[in-house]
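Everything on this sheet refers to the single structure shown next.
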Amino acid sequence: MSKEKKPTKPSLNKNTLKTAKRLLGYVTKTYKVQFIIVLICILVSSIATISVSLSLKFLLDDYIIPLIGQKSPDYTELYQALGILACIFLSGVIASFIYTRLMVVIGQGVLKRVRDEMFEHMQKLPIRYFDRNTNGSIMSLYTNDTDTLRQMINQSIPQVLMSALTIVVTFIAMLVLSPILTVLAVVMIRVMTAVARMVGGNSGKYFVRQQLDLASITGFVEERMTGQRVVKVFNHERISEEEFDQLNESLFVSSSKAHTFASIMGPVIGNMGNLQFVLTAVLGGALSVLGIGNITLGVMASYLQFTKSFTQPFMQIAQQFNSIIMALAGAERIFNMMDEEPEVDEGYVTLVNAKKDAQGNLTECKERTGLWAWKHPHQADGTVTYTELKGDVRFYDMTFGYTEDHMVLHDLTLYAKPGQKLAFVGSTGAGKTTITNLINRFYDVQDGKIRYDDININKIKKADLRRSLGIVLQDTHLFTGTIMENIRYGKLDATDEEVYKAAELAHADGFIRMLPKGYETRLSGDGEELSQGQRQLLAIARAAIADPPVLILDEATSSIDTRTESIVQKGMDNLMKGRTVFVIAHRLSTIRNSDAIMVLEHGRIIERGTHDELLSQKGTYYQLYTGNLELS
Amino acid sequence: MDKKLLRSVREYKKQSFLTPVLVAAEVFVEVLIPILMAKIIDVGIMNGDMAYIIKLGALLVLLAVVALFFGAKAGQLAAVASSGYAKNLRHDIFYKIQDFSFGNIDHFSTPGLVTRLTTDITNVQMAYMFTIRLLARAPIMIVMSLIMTVTISPAIAFMMLITIPVLGGLLIFIAKKAHPHFIKVFDEYDELNNVVQENVNAARVVKAYVREDHEVEKFGKISGIVFRLFTKAEKIVAWNSPTMQFTMYIVVLAMVLIGGESIISGDMLTGELTSVIVYALQILTSLMMVSFVFVMIMIAEASTERINEVLDEVPEMEDKADAVTEVTNGDIEFEHVNFSYAGEGGNLSLKDVNLHIKSGQIVGIIGGTGSAKSTLVQLIPRLYDVTSGTVKVGGTDVRDYNLKALRDQVSVVLQKNVLFTGSIYENIRWGDETASDAEVERVCKLAQADGFIREFPNQYETMIVEGGNNVSGGQKQRLCIARALLKKPKILILDDSTSAVDTKTDALIRQAFREEIPDTTRIIIAQRVSSVEDADVIIVMDKGEISGIGTSEELLKTNAIYREVYESQMKGGKDSE
């Protein structure tokens, strides 16, 4: 088994408390009123529950025992007392009805908010976050960890509140009944909590481990299921099974230990309650025999009832302990993700549609004109200048590496003049894709700078920067939904006609119409129903419909046959006439008509020029092109 | 609980049966405790008999210790049984998936399978644990408590006898009502996970199109539906506790009434009333437990159904009993092959394909996007079965081979390829677990991957991250080729596997093939004519049919499609001269 990065181990300390507070904040912030109502209702409901045993004393002492032996006992007072009791019970039922329903709404509402915020935050995270974390561990936040939260909010919180209130009310009642016997109860509470902490601590530890094991198994399964076809091709089933068994076994161990400790908790606390009962009876008996503390038969009867109902809430809290620890560990992972630094964006230059007035000055306008301008507010004097978007991209002395110790690009300087088609050629790993990653700021350069229409791209708002760039990425990703929706992804308000046009331009219209449901064909799981080439065509259509000012094609046609490719290319050339296009391709035929071709090697540009210029230089490009050179 | 699923309990049967037995023992003891308690109150305290109190007290403590022992042991067994059951289920599902053919895999989505292996199994595990722990406890508790109640007050016992089915019925009614809603919730959950997964996978696309808000909105919509459905389902379940409390209070009131009268008339002692109430509460709590377990089983049932979908899926391919285990040579034959992904009656992707490739030949396949090139070669290692006709390898129908044997000899580099978390060594060794470092390095040299691997700081020990995203597309392709070469197959198929590799490296790879593995049948699907130009045979595919077969020279004369592709790609070369 490969050494998979385990998520950071959560510890049960200050952080846990902080997490709990933060989680509670979700409840109290959004559902303040409801939560107060819940608290009141829980109070009423627990009073009603307690009054079952509490009332017994009064009923016995004041209404029943006095009647014993009477010839024709008068039940009126007993009935009245029962009537009052019935009212208390009824309000208890109503309260419990209200709070269980409210808790459902609060619990689910909080979950929805946590999920939504988690997803929203994830969208803001830089690409590096996705590089650093496995898909499985990110998925696990939304599934396993959120599930434990659900359990905690729906079951544990009301249970604990209810139990805590019951304990307080019972304790007060016991105190009133017999302060002396209550001393014994206090001692027992100390013993019980100590035992609960011991058992619970152990189970908590294993529950946390169980969640971690579950996360690793999720990660493993996610990766293997994605690559299941490769597994089949390599007859790797048995080995996958062995690796899975190992993970499965360790999950079994942690899970069975966690649940063992959790299951033991109930009997332990419950029987300690029995012990307490005996001790109380012995002590109470002795006291009443000796006549100390004014203990009557009725007092003893109800006090002993209380002793029984006193341990029950402890048992319940103890049983919830595990799911709370588990949920808090999950919550901590969720919050860790929410606390990840979002993509930094200090840009303030925005992209606007523009038109030229009579004097030839640029003004901002709402409608699409095919003319774009950078809106550049100057903080110093409060003025705003508009710069036409031309697609002039320049790199100055750029050095970059994905990690500190391994530079991919070195001192790169290049320029794309407006309207040019610029191509990058070079062996795989020469840094071509990296360049595009830097233009749209998926990553930020360590050294050097990039200027876009003479504006430092760090000053441009990322969203606007990316909106100005249409990109077809090397790895094609489609989304669940119809083909229509997938193409429309490039321009959400596009009409059906526009979608058809884009598809025609990308030469995808033909095969789409051949599908039984045409444009309404539903794609699932990254469009696995389509061939690689067809998926690329859709990705191109998606970019084409956006009609971007600058276009970057990163191996966009690598799986498309050359005939189709040349048709697509003509279409794209027409679309992008007068706009800047960056092309990365291995097939030299794709880039022949580029205005400038950069030959990259090991992160440096070794040749640049037009096709003809480069051929006449008789350098690397020439040799590549003529196939005479088998590059090293 | 689903019978079929329960078969997976296997070696944990002992624990599963012992748990209820121990629970029963625990309950027997537990039921005795209130009697002792009542005696202590009524006899001991009433008479101020300390010796009696201590005697019964000691007995009670003893019983408590026994109950604790049984209870704790039962808890431990239940934990082991349920975790073990979950382990076996996960094992069965995962192993089942390993037996899936490509066609089977197409039926399930990755997130769907992941949820089944995690959340769904956890649900079943919890339901199982509570079932074996509580379902034994509840009936025994109810019966025992009833018997005890009868000995004290037949009237109250009669009342309880009526209450139990009424309350039980109500609780089950509530659980049944909620069930369909829970099923809907879980379907919606899948949807939610799917959006998350797509967004994690396609984070770059979302960012490049600045569609973060769009995705957030999409997610919000589904999470809104989950919220609504879940709230609805749980609101139904929320009827449980007020219903239960209502019943409980009525019972208590009635008991005080009946019991009070009995006490007054001298038929009952005060301590007995206390005990009767304790028994009544125990009965009601047991019913509550039953309904709690019932809800859990209901939720788990939705999961059970989903798990069964996987377990019930019939693997489309199974080895015959007398399957051929040796592939004699790299001969390939297609006879009147029709193929549809949808099976019989579906849209034909391949139409009446006839083909003969001789062992050791180099075959190029070329054709437009969607012309079924990949489909054609996927039939050779029997990734899919033909809809009609026959595919033969080494003169034997592929369906007669042992699958493992066939696929060991027919190595495919898939177009959509995947590397796995692990070092480069580990990844390449997928081809042959026993290969030495030197062998791994040799195939990497052949695939022209050795060069860039050596440039990594950790060389062959470089860790590949999930999905292989820390190497470039071209590097990934070459690693995948190396991995396939390590198998030393009789037939090697490259499905557009050098598309991200530059022409020169591509040429080097082909040259290495020619020199190092001349006897292997090599099938190369490519877009570049240069990649297939020097092949022994070139197949031109068009819309699922073979449009032409021959050498490059022959096809230039006879095949219009080939000529057009050739000219469009070679024109550049000629211009420059």
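The values are calculated or read from the model by the stated rules, or taken from the named source; none is laboratory data. From a predicted model like this one, the values you see are computed outputs, not experimental measurements. Note that each Cβ is placed from the backbone with ideal geometry, even for glycine, and that neighbours are counted across all protein chains shown.
Would you check which residues across the range A:88-108 are within 7 Å of chain B (Cβ to nearest Cβ) and closer than 30 Å to A:GLU222 by Cβ and list them?
Of everything in the range A:88-108, just one residue is within 7 Å of chain B (Cβ to nearest Cβ) and closer than 30 Å to A:GLU222 by Cβ, namely A:GLN108.
Taking the residues in the range B:285-335 that are among the polar types (S, T, N, Q) and farther than 20 Å from A:GLU237 by Cα as candidates, determine which candidate is modelled with the lowest pLDDT.
Step by step, filter the range B:285-335, then rank; the result is B:SER291.
Let me confirm something: among B:LYS14, B:LYS87, B:LYS3, which residue is out of contact with any helix residue (DSSP H, G or I) (no Cβ under 9 Å at 6 or more places or on another chain) and either among the basic types (Lys, Arg) or outside the structural domain of B:VAL143 (by TED's automatic domain parsing) (or both)? Spell out how you get there, then give the answer.
Numbers: B:LYS14 fails: out of contact with any helix residue (DSSP H, G or I) (no Cβ under 9 Å at 6 or more places or on another chain); B:LYS87 fails: out of contact with any helix residue (DSSP H, G or I) (no Cβ under 9 Å at 6 or more places or on another chain).
One residue alone meets the criteria, B:LYS3.
Here is a list: A:VAL289, A:VAL221, A:VAL268, A:VAL230. Which entry is at the interface with another protein chain (Cβ under 7 Å from one of its Cβ atoms), in a helix (DSSP H, G or I) and within 21 Å of B:ASP92 (Cβ to Cβ)?
After applying the criteria, what remains is A:VAL221.
Within the bounds of the range B:353-364, is there any residue that is small (Gly, Ala, Ser), buried (at least 16 other Cβ atoms within 10 Å of the Cβ) and in contact with a Lys or Arg (Cβ under 8 Å, 6 or more places away or on another chain)?
yes
Counting only residues that are within 8 Å of another protein chain (Cβ to nearest Cβ) and in contact with an Asp or Glu (Cβ under 9 Å, 6 or more places away or on another chain), which one in the range B:488-510 is modelled with the lowest pLDDT?
The extreme case among them is B:ALA500.
Among the residues of the range B:420-429, write down those that are outside any strand (DSSP E or B) and in contact with a Phe, Trp or Tyr (Cβ under 9 Å, 6 or more places away or on another chain).
Those that are outside any strand (DSSP E or B) and in contact with a Phe, Trp or Tyr (Cβ under 9 Å, 6 or more places away or on another chain): B:PHE420, B:THR421, B:ILE424, B:TYR425, B:GLU426, B:ASN427, B:ILE428.
Residue by residue, here is whether (1) assigned to a loop (DSSP other than H, G, I, E, B); (2) over 21 Å from A:ALA430 (Cα atoms) holds:
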position	(1), (2)
B:TYR460	no, no
B:VAL471	yes, no
B:ARG483	no, yes
B:SER497	yes, no
B:THR505	no, no
B:ILE524	no, yes
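When you look at A:SER240, is it touching a Lys or Arg at 6+ places or on another chain (Cβ under 8 Å), farther than 19 Å from A:ASP147 by Cβ and touching a residue at least 12 places away in the same chain (Cβ under 8 Å), yes or no?
Criteria met by A:SER240.
Can you find a residue that is farther than 12 Å from B:TYR209 by Cα and more than 27 Å from the chain's Cα centre (by Cα) anywhere in the range A:463-480?
The answer is no, given that none of the residues of the range A:463-480 is farther than 12 Å from B:TYR209 by Cα and more than 27 Å from the chain's Cα centre (by Cα).
Looking at (1) of a type outside the set (A, V, I, L, M, F, W, C); (2) buried (at least 20 other Cβ atoms within 10 Å of the Cβ); (3) more than 7 Å from chain B (Cβ to nearest Cβ); (4) more than 23 Å from B:LYS543 (Cα to Cα), which is the only condition A:GLY490 fails?
(3)
Residue-by-condition table, conditions (1) small (Gly, Ala, Ser); (2) surrounded by 13 or more Cβ atoms within 10 Å (Cβ to Cβ); (3) outside the structural domain of A:SER594 (by TED's automatic domain parsing); (4) within 16 Å of A:LYS449 (Cβ to Cβ):
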| site | (1), (2), (3), (4) |
| --- | --- |
| A:GLU364 | no, yes, yes, no |
| A:HIS376 | no, yes, yes, no |
| A:LEU412 | no, yes, no, yes |
| A:LYS421 | no, yes, no, no |
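Go over the candidates A:LEU214, A:LEU304 one by one and state the one that is in contact (Cβ under 8 Å) with a residue 40 or more places away in the chain and within 7 Å of chain B (Cβ to nearest Cβ).
A:LEU214
Which one of B:ILE33, B:ILE45 is at pLDDT below 85, over 16 Å from B:ILE140 (Cβ atoms) and aliphatic (A, V, I, L, M)?
Just a single option satisfies the conditions, and that option is B:ILE45.
Please verify whether the range B:257-265 includes one or more residues that are closer than 14 Å to B:THR149 by Cα and crowded, with 22+ Cβ neighbours inside 10 Å.
Within the range B:257-265, one or more residues are closer than 14 Å to B:THR149 by Cα and crowded, with 22+ Cβ neighbours inside 10 Å.
When A:GLY330 is evaluated against the numbered criteria (1) under 28 Å from the mean Cα position of the chain (by Cα); (2) not assigned by TED's automatic domain parsing to the domain that holds A:LEU177, which criterion, by number, is the only one it fails?
Condition (2) is where A:GLY330 drops out.
Among the helices (runs of 4 or more DSSP H) contained in the range A:516-612, which hold 3 or more residues that are under 31 Å from the mean Cα position of the chain (by Cα)?
Passing ranges, in order: A:532-546.
Scanning the range A:239-279 for residues that are hydroxyl-bearing (Ser, Thr, Tyr) and either at pLDDT below 80 or within 27 Å of A:PHE321 (Cα to Cα) (or both), which turns out surrounded by the fewest Cβ atoms within 10 Å (Cβ to Cβ)?
A:SER250
Return yes or no: is A:ASP74 modelled with pLDDT under 80, on the phi < 0 side of the Ramachandran plot, within 11 Å of another protein chain (Cβ to nearest Cβ) and not in a helix (DSSP H, G or I)?
yes
Taking the range B:497-546 as the region of interest, how many residues are acidic (Asp, Glu) and in contact with a strand residue (DSSP E or B) (Cβ under 8 Å, 6 or more places away or on another chain)?
Taking the range B:497-546 as the starting set, the residues that turn out to be acidic (Asp, Glu) are B:502, B:506, B:515-516, B:519, B:533-534, B:536, B:542, B:545.
Narrowing the set further to residues that are in contact with a strand residue (DSSP E or B) (Cβ under 8 Å, 6 or more places away or on another chain) leaves B:502, B:533-534, B:536, B:542, B:545.
Residues flagged as acidic (Asp, Glu) and in contact with a strand residue (DSSP E or B) (Cβ under 8 Å, 6 or more places away or on another chain) within the range B:497-546 amount to 6.
I'm trying to understand the selection: among the residues of the range A:378-401, which are surrounded by 15 or more Cβ atoms within 10 Å (Cβ to Cβ) and in a loop (DSSP other than H, G, I, E, B)?
Within the range A:378-401, A:LEU389, A:LYS390, A:GLY391, A:ASP392, A:GLY401 qualify.
Which numbered condition trips up A:LYS366, out of (1) within 14 Å of chain B (Cβ to nearest Cβ); (2) in a loop (DSSP other than H, G, I, E, B)?
(1)
Hey, could you check the range B:423-461 for residues that are farther than 27 Å from A:ASP405 by Cα and basic (Lys, Arg) and say which is farthest from the other protein chains (Cβ to nearest Cβ)?
B:ARG442
Can you tell me which of (1) over 30 Å from B:ASP213 (Cα atoms); (2) touching a Gly at 6+ places or on another chain (Cβ under 6 Å) is the one A:ILE88 doesn't meet?
(2)
From the list B:ALA74, B:ALA38, B:ALA127, B:ALA79, which residue is buried (at least 21 other Cβ atoms within 10 Å of the Cβ), within 7 Å of chain A (Cβ to nearest Cβ) and closer than 30 Å to B:ILE283 by Cβ?
Just one listed residue meets the conditions, B:ALA79.
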